[in-house]
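See structure below.
The values are calculated or read from the model by the stated rules, or taken from the named source; none is laboratory data. From a predicted model like this one, the values you see are computed outputs, not experimental measurements. With ideal geometry, Cβ positions are generated from the backbone for all residues, glycine too; neighbour counts draw on all protein chains shown.
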Amino acid sequence: MNKAFASLSMVIVLFLSVKYVQQIPLKSHPDVSKWDNLFDKNLSNAIHPKGVWTFTDGVLTASKDEAIWSDKEYDNFIIDLEFKTADGTNSGVIVYCSDIKDWIPNSIEIQIADDFADKWADSPASWQCGAFFGHQGANKSMVKKPGEWNRFTITCKDHMIYIMLNGEQVNEMDMRKWTSSKTNPDGSEIPSWLSKPVAELPTHGHIGFQGKHAGAPIFFRNLKIKELKLIFNCPFSLSIHQNPGIGFIMNF
């Protein structure tokens with residue numbers, strides 16, 4: 001090996017463009033035909049209390065107010081699912097959960113509710129369907145009446161979370177703006193049991209679903225997930241060769 005080459009230290013900086021394979025935020029509900037199932041049919045990859053959650057004919061439901069969790073932790077992902085409410089249903093999809101034993105202050109809940117029931121229709125907007133529970137209501141009501149299937153697409157990319165419900169982008173959150181555990185950025189009060197500022201929560205964790213809360217059932221089906229992957233594009237190619245008598249030449 002040429003001694004000059006062996007003793008030469010070179011630092012080459014390549015400017016890369018970085019982006020996600022999937023366009024974020026989504027413009028419509030995605031084609032999930034090639035996505036992974038979040039849960040196996042036998043729930044072997046789920047964390048759940050025995051005898052509470054059942055998967056029958058492709059429909060997941062619970063008999064008690066106990067959550068079910070992915071055994072895997074996710075960071076950047078899109079989850080697509082269908083849900084059906086009953087009269088008075090109050091449930092939710094839980095993301096970025098860092099402590100499943102004490103999940104309420106350690107996660108973000110995307111609210112599911114029967115907004116046609118007086119109990120929830122008369123509640124704050126941040127308690128209604130499509131809300132970031134306790135933090136920010138949906139920009140429009142898109143949930144269907146009890147007994148009809150709805151579709152959620154929830155995108156979590158770092159500190160940004162986007163909610164699409166029945167074909168409409170109904171909510172988005174930049175977690176970094178929620179620096180208080182007392183008041184939301186719009187000045188509204190945060191429920192006391194959400195005791196940690198959203199801005200301090202990790203952007204990875206388990207995905208969960210709330211069970212039969214407030215005495216009303218919830219039904220889920222077609223739970224699909226896609227993990228977001230980064231791709232790196234270099235705007236040029238670089239080759240290096242040694243030319244005797246001249247030195248090293250870089251070709252772009």
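Key figures for this structure:
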item	result
Any hit, the stretch 206-217, residues being modelled with pLDDT under 95 and either assigned to a loop (DSSP other than H, G, I, E, B) or of a type in the set (Asp, Glu) (or both)	yes
Residues located in the stretch 95-111, provided they are more than 20 Å from Pro25 (Cβ to Cβ) and of a type in the set (Val, Ile, Thr)	Ile100, Ile104
Single match in Ala117, Ala113, Ala131, Ala121 (criterion: more than 20 Å from Phe220 (Cβ to Cβ) and among the aliphatic types (A, V, I, L, M))	Ala121
Residues that are in contact with a helix residue (DSSP H, G or I) (Cβ under 7 Å, 6 or more places away or on another chain) and of a type in the set (Val, Ile, Thr), drawn from the stretch 108-135	Ile108
Residue count for the stretch 161-205, restricted to those that are free of Cβ contacts under 8 Å to residues at least 40 places away in the same chain, part of a strand (DSSP E or B) and of a type in the set (Val, Ile, Thr)	1
Candidate set from the stretch 18-44 (those that are aromatic (Phe, Trp, Tyr) and at pLDDT 95 or above); member that is farthest from Phe55 (Cα to Cα)	Trp35
Test set (1) among the hydroxyl-bearing types (Ser, Thr, Tyr); (2) surrounded by fewer than 18 Cβ atoms within 10 Å (Cβ to Cβ); (3) under 22 Å from Asp36 (Cα atoms) - Ser141 fails condition number	(3)
Residue selected from the stretch 180-198 under the condition of a type outside the set (Gly, Ala, Ser) and loosely packed, with under 12 Cβ neighbours inside 10 Å, by the criterion nearest to Ser28 (Cα to Cα)	Asp186
Any hit, the stretch 157-179, residues being more than 19 Å from the chain's Cα centre (by Cα), surrounded by fewer than 20 Cβ atoms within 10 Å (Cβ to Cβ) and modelled with pLDDT under 95	no
